[in-house]
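The values are calculated or read from the model by the stated rules, or taken from the named source; none is laboratory data. Small disclaimer: the values here were computed from a predicted structure and weren't measured. Cβ atoms come from the backbone with ideal geometry, glycine included; neighbour counts cover every protein chain shown. What goes into the accessible areas is simple: the full protein's heavy atoms, side chains included, and nothing from ligands, DNA or RNA. Shrake-Rupley method; radii C 1.70, N 1.55, O 1.52, S 1.80 Å.
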Amino acid sequence: MTSEFQQSNTVNGVNAVNDLPLLSFFKRVLDPVVTLGTLCLLMLTLGAPFSGNYLVLAIIAFFISSYVHDQIDSYRNWRRGRLLAFAGDIFFGWAIFVAILIFIGYATGFSYKYSDSVILSWFVITPFALLAGHLALRKVAFSLRRGAQMRSVVIVGANEVGLKLAARIADYPHMLMDMRGFFDDRDETRLPANLDTPLLGNMADIADHVREHGVNMIFISQPMSAQPRIRQLLDELKDTTASIYFLPDIYIFDLMQARFDQIGGVPVVAICETPFTGVNSLIKRVSDIVIATLIQILLAPVMLVIALAVKLTSPGPVIFKQRRYGLNGDEIIVYKFRSMTVAEDGAKVTQAKKNDQRVTRLGAFLRRSSLDELPQFINVLQGRMSIVGPRPHAVAHNEQYRGLIKGYMLRHKVKPGITGWAQVNGLRGETDTLDKMAARIDFDLDYLRNWSLSLDLWIILRTVKVVLKRNNAY
């Protein structure tokens, strides 16, 4: 996953710099404009009166469609000429949009304030309108680029990052960039074996080559330790008109939600950050509240029956409370229906095993069916947990594994979840070996690197399948 993440950031960085500005603007606003435009036209056609309720719907739809468009990135298939997959992405994105809107509508009661004919027609017609709009924009883009000028490119540094950029330039001809070659001071025997682009010389030759051949763009891919040489190169290039870009070697780190940002106007690079900042934080929290509220309402009778059964079948409290690490490693109290005869929460906590004598007969059923986890939806509404995220471990287990597994505590950069990426990939239940726990952590960190609302929805759907199979729950 890391390599895919690195490539994606490289491509997006180039597009942000070199795409046609007007076209980039229309790409970003097309989905919201078509979505709201279709809604307004259907209201006029079907005679639905415009009211404050429709204004609220329009505002919500604008933000959701903008977010879904950014997450789906249907233009990756556009750029590769895969029109069928491109259309599939649009319809998939619209399905996610509709699902989110239905959740919000039923949770708030707003769904009953709109015309059924308008809403149903909107749900059916809009994806086709979106596809037509994108195809029209594609045609405009090709006509604009047909008359645009190809830009010559050289890369300083035939290293991993430089090679990735060269590969992306070759994969995305729509950027109108002509890769001329590399400059590198190393001997040819030390250069990558897969270097299929010409080596034009060493760094001392760059300025003369740029002036002689009129190179338009220079990408400097050098390590941070080469700062003095980079400064000298920039001085030598001041009498040219070439655009110069720096490719920092931040990819030597294990990146997590890496991005460029500013603090008081000072540019900084985030190497390791939570995915839930800004709008993402709001979307995550709203989706948690909506889903948790619906589940609590639907399953309230089931929870009441389970509570009575736990109380009547074995001595002890109905709810088992245990200290876990939450967001940023702060301790939280997590709720579960008691499924064992003990309630361990000390310096040593023994994981439940197959045929564990501490598990009650009712508790064995609750654990296999994951019904013992239902009280954790209260934790979600309290803001201590999320629907999807790394599963919380007992404090004793955290202290045990944080020194054994590299990056273990990074999983606490987000709220723990009732279900997670590791659990739907076969790592549910007991982790009786260090390798199993390390594999779980790998999935948890992979989730943090690649989070999206669509990934959360996919994990929720797969959780239902995993629970029905009842694998690995003791």
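Looking at the range 236-263, which of the residues that are within 26 Å of the chain's Cα centre (by Cα), surrounded by 14 or more Cβ atoms within 10 Å (Cβ to Cβ) and assigned to a helix (DSSP H, G or I) is modelled with the lowest pLDDT?
That would be Tyr251.
May I ask you to list the residues in the range 263-319 that are farther than 30 Å from Phe365 by Cα, in contact (Cβ under 8 Å) with a residue 12 or more places away in the chain and among the aliphatic types (A, V, I, L, M)?
Residues satisfying the conditions are Val269, Ala270, Ile271, Val279, Ile283, Val286.
Under the condition of being more than 26 Å from the chain's Cα centre (by Cα) and of a type in the set (Phe, Trp, Tyr), which residue from the range 308-337 is nearest to Val388 (Cα to Cα)?
Among them, the one singled out is Tyr335.
Taking the options Leu294, Leu298, Leu327, Leu304, name whichever one is closer than 24 Å to Val68 by Cα, open to solvent by 30 Å² or more (accessible area, probe 1.4 Å) and either in contact with a Lys or Arg (Cβ under 8 Å, 6 or more places away or on another chain) or hydrophobic (A, V, I, L, M, F, W, C) (or both). It would help to see each step written out before you state the result.
Values: Leu298 fails: closer than 24 Å to Val68 by Cα; Leu327 fails: closer than 24 Å to Val68 by Cα; Leu304 fails: closer than 24 Å to Val68 by Cα.
Criteria check complete, one pass: Leu294.
Would you tally the residues in the range 185-206 being within 22 Å of Leu234 (Cβ to Cβ) and in contact with a Lys or Arg (Cβ under 9 Å, 6 or more places away or on another chain)?
The total comes to 4.
Here is a list of conditions, (1) out of contact with any His (no Cβ under 8 Å at 6 or more places or on another chain); (2) surrounded by 14 or more Cβ atoms within 10 Å (Cβ to Cβ); (3) modelled with pLDDT under 75, and Ser143 meets all of them except one; can you say which number that is?
All conditions are met except number (2).
Determine which member of the set Trp94, Trp122 is at pLDDT 75 or above, surrounded by 15 or more Cβ atoms within 10 Å (Cβ to Cβ) and under 30 Å from Pro173 (Cβ atoms).
On the way: Trp122 fails: under 30 Å from Pro173 (Cβ atoms).
Going through Trp94, Trp122 in turn, just one is at pLDDT 75 or above, surrounded by 15 or more Cβ atoms within 10 Å (Cβ to Cβ) and under 30 Å from Pro173 (Cβ atoms): Trp94.
Is it true that some residue in the range 438-452 is buried (at least 21 other Cβ atoms within 10 Å of the Cβ), touching a Leu at 6+ places or on another chain (Cβ under 6 Å) and under 20 Å from Tyr67 (Cβ atoms)?
no
Could you say which residue among Gly162, Gly201 is in contact with a strand residue (DSSP E or B) (Cβ under 9 Å, 6 or more places away or on another chain), under 19 Å from Met217 (Cα atoms) and either in contact (Cβ under 8 Å) with a residue 24 or more places away in the chain or loosely packed, with under 12 Cβ neighbours inside 10 Å (or both)?
Working: Gly201 fails: either in contact (Cβ under 8 Å) with a residue 24 or more places away in the chain or loosely packed, with under 12 Cβ neighbours inside 10 Å (or both).
The match here is Gly162.
Do we find that Val269 is at pLDDT 90 or above and not in a loop (DSSP other than H, G, I, E, B) in this structure? Let's see the steps before the verdict.
Details: at pLDDT 90 or above: no; not in a loop (DSSP other than H, G, I, E, B): yes.
In short, no.
Would you point out the residue of the range 387-407, among those that are within 21 Å of the chain's Cα centre (by Cα) and either without any contact (Cβ under 8 Å) to a residue 12 or more places away in the chain or closer than 26 Å to Val467 by Cβ (or both), that is most open to solvent (accessible area, probe 1.4 Å)?
Kept after step one, since they are within 21 Å of the chain's Cα centre (by Cα), are these residues of the range 387-407: 387-392, 407.
Imposing the further condition that a residue be either without any contact (Cβ under 8 Å) to a residue 12 or more places away in the chain or closer than 26 Å to Val467 by Cβ (or both) reduces the set to 387-392.
Working: Ile387: 11, Val388: 3, Gly389: 2, Pro390: 4, Arg391: 27, Pro392: 7 Å².
Per the stated criteria, the residue is Arg391.
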